[in-house]
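The block underneath contains the structure these notes are about, expressed in structure tokens.
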Amino acid sequence: MDRYFKARRLACVIALAAGLALLIAPTAFAGFATPESGGSPNANRISDLYDVALVIALIVFVGVEGALLYSLVKFRARRGAVAAQIRGNTQLEIGWTVGAAAILVVLAVLTFTQLNSIRTPDNSDPGGYQLASSGVLYATTDKQLPPNGRSLNIQVNGQQYLWRYTYPGGSGTGLGAPYACPPTRR
């Protein structure tokens, strides 16, 4: 028995130490339940859309779990009682189907109202902050121009252990290493 209590005490101490380590490092919880925001106006719009979807999901989760717990307590098995055979409740079934569809429609409308500004974001600087009408840094894969029509096309060649990029007119080339260490030859 003594070994059992020592092992249990050790497990509790380890769990407590791990919890304290997480509390000491609050950045480990950076965006605990939601993505971090503040990188750019576009990132803020995406984060806001995520927050709305999360709140709706939490409301649905609490409602379903509340109904489950209520049903477990109210209709628990009792000695000598015979469960009633219920065929179904058409109004209830239509209600939760329409409710789920309404939630999906609301999320779709919110998403598509934000989608245009997410697909064609405002101009921003390297730090992600919105630029004034001068200076543009814009990246895309489908060649859409930024709102003011100015763009910089950079040719990028991705290879196994590096990126080769060339600026317009061949004015400069460079290398970038996306991986920390290339493999060694044997």
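The values are calculated or read from the model by the stated rules, or taken from the named source; none is laboratory data. Bear in mind the structure is a predicted one, so any value in this text is a computation, not a measurement. Cβ: placed from backbone, ideal geometry, glycine included. Neighbour counts: every protein chain shown.
Per-structure values
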{"quantity": "Filter result for Leu23 (at pLDDT 85 or above and either surrounded by 10 or more Cβ atoms within 10 Å (Cβ to Cβ) or hydrophobic (A, V, I, L, M, F, W, C) (or both))", "calculated": "no"}
{"quantity": "Selection status of Ala28, modelled with pLDDT under 85, closer than 30 Å to Ser117 by Cα and surrounded by 10 or more Cβ atoms within 10 Å (Cβ to Cβ)", "calculated": "no"}
